[in-house]
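Before any comments, here is the structure.
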Amino acid sequence: MEQQGNYKAELVGVFGYPVAENPTIVMQEAAFQACQLNWRYLTIEVLPEDLEDAMKGLRAMNMRGINLTIPHKVAVLKYLDQVAPDAALMGAVNTVRRDGKLLIGENTDGKGFLRSLREDAHVDPAGKHVVVLGAGGAARAITVELALAGAGQITVVNRTRARGQELVALLNDRTETNALFVEWDVAYCIPEHTDILVNATSIGLFPNVEAKPEIVYESITKDMIVCDVIPNPPHTPFLQEAEARGARVLDGLGMLVYQGAIGFTMWTGREAPVDVMYQALQNVFS
Ligand code: NDP
């Protein structure tokens, strides 16, 4: 434990609305305990119109940082002193850390995906051809990090044209990758040369556990690595279909744990006990 006679806990947490079902507290508190840190992770309900006051409160109470979830990831930008370049590109912040008096915005979602890709699947995205289903917050974070990591080509497949086109324009204008948009109006056939396929939609998330993205599953080959962002349940029908075609798969639980682990290190300066965090979340989802 930390120095005897020091009863002050360091505070972090999450602001969201709704927020009650956000399980991040479980993995962060497990990590603090494992590292014998007197830190607390608070799950705090903040209405959209109260975000400014909540951010002032965070400064006043000298909190060490905060996670942002729905609906605050974009709105929080105007209350920060600095924003990391990748988060600025995405236009969204999910983690705030302190540097002295400064509040700095980061986005760890895409970084968590990238770390899971590299460390769990042993895949380096540099030069790879990637297909991403979806163009929402998760897809933005993942494609920006893949582009910054040198992905050769990124195809964004999305139902709503404007959202997909906006993301592709951002990737082409602001990164070195070659991005293409495909409107998703019929079952999508995965191009043969694809190395990495990612479901970054919300299809398959609890309670709709039987749902799967509308693609031609026969077009998945054993040479592809197929990834899902859905953490609950992690073994989605999408991944099961990919496994049936001999592809390697990567579930969304790894991404969730790593984005939390990266946040833990940003806040505490300590290496995160990834296995402890993974186990804590797995207990929640099982
Ligand atoms: P958004 O609402 O921002 O985006 C949702 C995306 O899914 C959009 O592209 C939307 O298309 C698409 N979509 C939803 N339903 C359908 C459908 N029936 N058919 C076709 N497309 C569909 O959500 P987020 O990007 O923030 O989150 C997406 C998922 O990622 C969530 O399930 C979340 O749990 C998960 N996630 C996981 C993380 C992890 O660490 N594992 C981290 C962050 C998110 P359209 O634009 O046409 O509406």
### Query
Sequence-distant or interchain residues sharing an amide H contact under 5 Å with residue 103, placed H: which?
81, 82
### Cross-link pairs beyond the 24 Å C-alpha cut-off, checked among 78/128; 8/73; 73/212; 8/56
78/128; 8/73; 73/212
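Hey, can you rank 241-247, 198-204 by average C-beta count inside 10 Å, highest first?
198-204, 241-247
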## Note on the structure
Env charge @ residue 240, Cβ radius under 12 Å, K,R +1 / D,E -1, value -3
### Query
What accessible area per residue comes out for the chain, rounded to a whole number of Å², with a 1.4 Å probe?
47 Å²
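By average Cβ neighbour count within 10 Å, what is the ranking of 226-238, 46-58 from highest down?
Details: 226-238: 23.0, 46-58: 15.2.
In descending order of packing, they fall as 226-238, 46-58.
What's the carbon and sulfur percent of the chain's accessible surface, probe 1.4 angstrom, rounded to a whole number? Numbers along the way, then the final one.
Working: 6720 of 13350 Å².
Solvent-exposed carbon and sulfur of the chain make up 50 percent of the total.
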### Query
How many angstrom lie between the C-alpha centres of segment 251-277 and segment 166-195?
29 Å
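Take each of the peptides 10-16, 164-170, average the number of other beta-carbon atoms within 10 Å over its residues, and list them starting from the highest.
10-16, 164-170
The values are calculated or read from the model by the stated rules, or taken from the named source; none is laboratory data. Since the structure is predicted, the reported quantities are computational estimates derived from the model, not experimental observations. Because the Cβ atoms are built from the backbone with ideal geometry, glycine has one as well, and the counts that use them run over all protein chains shown. Heads up: the accessible areas ignore ligands, DNA and RNA and are worked out on the full protein's heavy atoms, side chains in. Shrake-Rupley method; radii C 1.70, N 1.55, O 1.52, S 1.80 Å.
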